[in-house]
Amino acid sequence: MDYVYEFLAQYSTDELLFAYLGLLFMTILGTLPSNSDLTIVAGAVLASNGKFSIFSIYFGVISIVLIGENLVYYIGYFLGDRIFKLPIYRKLFSQKRRDNLELFVNRYPLRVILSIRLTPLFRPVWYTMLGSLKVKPGIFFKMHTPVVITYNLILITTSYFLSNYIDSYLKDYKVYALTTLFLVWFIAIKKMASMYKVDN
């Protein structure tokens, strides 16, 4: 990580923060093949090393996450059926499966939102689909906002105070770290898939 800090030292705090939040926004929209949670962890680690103010990370990250995820949800909400006409969605979701999914997300929206929080790599897809399944905006905002704030407060705070361990872990055990993350994502996805089975 030392070479990363040396590279970043040539830029001002404002430049770094602007670039960082821009990168985070792009990952939330799904336009970059990255994990928004890892980006947030990286921001907290940089803050602990004096690159950012921790308060700017709290405010900036939570604001960007809320704006980005609400935007993705609204894209799905207003595009509606067009989402399911896309090849990837048409292949994955038959009409019967879509009907079951729509029934489930409207019956258990909080459970679905919590499940999506555990799958950071696929959040843009899930939030777009959540909007296209016509979960009402009022219900979405009411449940999504406190989940985002609570989750990111915990993620940022934990990463900030454990930054030295994170630095060491990624430096010495990078392969194991990536393997662990993959396993967590895989288990979360399997769990999420089982939760979407709706009793007739």
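Only the coordinates and a few stated rules stand behind these numbers; no lab work does. These figures come from a predicted structure and were not determined experimentally. Here Cβ is always computed from backbone atoms with ideal geometry, including for glycine, and neighbour counts include all displayed protein chains.
LYS85 sits among other residues whose Cβ lies under 13 Å from its own Cβ, and their net charge, with Lys and Arg +1 and Asp and Glu -1, is +3. According to the square roots a ≥ b ≥ c of the eigenvalues of the Cα gyration tensor, what is the shape class of the stretch 68-141, taking rounded for a/c under 1.5, prolate for a/b larger than b/c otherwise, and oblate for the remainder? Rounded, since a/c falls under 1.5.
Note down the net charge around ARG117, summing +1 for each Lys or Arg and -1 for each Asp or Glu among other residues with Cβ under 12 Å from its Cβ.
Details: positive: ARG111, ARG123; negative: ASP37, GLU69.
Net charge around ARG117: 0.
Between PHE18 and THR150, full extension at 0.36 nm per residue minus the direct alpha carbon distance yields a gain of 45.2 nm. For the stretch 24-83, what is the relative contact order in percent, using Cα pairs closer than 8 Å and at least 6 residues apart in sequence? Computed over the stretch 24-83, the figure is 34 percent.
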